[in-house]
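Novice: Supplied in structure tokens, the structure appears directly below.
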Amino acid sequence: MKRILIHSLLSIGLALLFQLFTPWWGVVIATAMISFVIRLKGVSVFFAPLLSIGLLWSIQAYSISNANDFILAEKIAVLLPLNGSIGALILVTGLVGGIFGALGSITGRSLKVLVS
């Protein structure tokens, strides 16, 4: 449990740092690097970054949308098949970010197994 918490916190921190210099795919590199260093067992290598990066992206999507009174989020939610729901748009954004973080984590773990 301690490793999962450390992995999640480091993934969030490194993802925040990488998002300053890289596009959206910086979270993939961040979670891959953390999973290469910190070994997680079983399905936690997938679900820990899924939840942590998903939560990070959801919070960022909410704060960015809140800064402009959800004007752009409303327009995007109408374009996507979300029936104009801003909450669903933020949830989908978090899910997409979480999936990419989880795939990056699996890649880092696989690379660690390959190198060892």
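Novice: Taking a probe of 1.4 Å, how large is the accessible area per residue of the chain, in Å²?
Specialist: Solvent-accessible surface per residue comes out at 61 Å².
Novice: Would you mind calculating the relative contact order of the chain from Cα pairs under 8 angstrom and at least 6 residues apart, reporting the percent as a whole number?
Specialist: Once divided by the residue count of the chain, the mean separation gives 37 percent.
Novice: What translational D, rounded to a whole number of µm²/s, comes out for the chain from Stokes-Einstein when the hydrodynamic radius is the Kirkwood one over Cα pairs, at 4 °C and 1.567 mPa s?
Specialist: Answer from the Stokes-Einstein relation: 89 µm²/s.
Novice: Taking trypsin sites (Lys or Arg not before Pro) as candidate sites, keep only those in a DSSP loop with at most 16 other Cβ atoms within 10 Å, then name the longest stretch of the chain containing none of them. Please list the in-between numbers first.
Specialist: On the way: sites that count: ARG39, LYS41.
So the longest stretch without any such site is 42-116.
Novice: Of GLY42, LEU55, VAL78, which is farthest on the positive side of the dipole of the chain, counting Cα position, with +1 on Lys and Arg Cβ, -1 on Asp and Glu Cβ, and the Cα centre as origin?
Specialist: It is GLY42.
Novice: Sticking with this structure for a sec: About the Cα centre of the chain, how large is the charge dipole given +1 on each Lys and Arg Cβ and -1 on each Asp and Glu Cβ? Please answer in debye to the nearest 20. Before the final figure, lay out each step's value.
Specialist: Numbers: 7 positive and 2 negative charges, 131 e Å.
It comes to approximately 620 debye.
Novice: Next question, about the same structure. If you build a Gaussian network model of the chain, linking Cα atoms that sit under 10 Å apart, which residue out of ILE64, ILE86, ILE38 swings the most?
Specialist: ILE64
Novice: Assign one of three labels to the range 54-116, namely rounded, prolate or oblate, based on the Cα gyration tensor with a ≥ b ≥ c the square roots of its eigenvalues; rounded applies when a/c is under 1.5, prolate when it is not and a/b is larger than b/c, and oblate otherwise.
Specialist: It comes out prolate by the Cα gyration axes.
Novice: Determine the calculated [θ] at 222 nm for the chain from helices alone, applying -39500 (n - 2.57) to every DSSP H run no shorter than 4 residues and normalising by the residue count; nearest 500 deg cm²/dmol.
Specialist: Details: 5 runs with 92 residues, N = 116.
Roughly -27000 deg cm²/dmol at 222 nm, from the helical runs in the chain.
Novice: How many percent of the accessible area of the chain is carbon or sulfur, using a 1.4 Å probe?
Specialist: Of the solvent-accessible surface of the chain, carbon and sulfur hold 76 percent.
Novice: With θ taken as phi - 60° and the coefficients 6.51, -1.76 and 1.60, list the Karplus ³J(HN,Hα) couplings across the range 21-30 in order, rounded to whole Hz; mark glycine and proline as x.
Specialist: These are the phi-based 3J(HN,Hα) values: 10, 10, x, 4, 6, x, 5, 5, 5, 4 Hz.
The values are calculated or read from the model by the stated rules, or taken from the named source; none is laboratory data. This one's a predicted model, so the numbers in the text were calculated from it and none came from an experiment. Neighbour counts run over all protein chains shown; Cβ positions are idealised from the backbone, glycine included. Note: areas computed on protein heavy atoms with side chains; ligands, DNA, RNA excluded. Shrake-Rupley method; radii C 1.70, N 1.55, O 1.52, S 1.80 Å.
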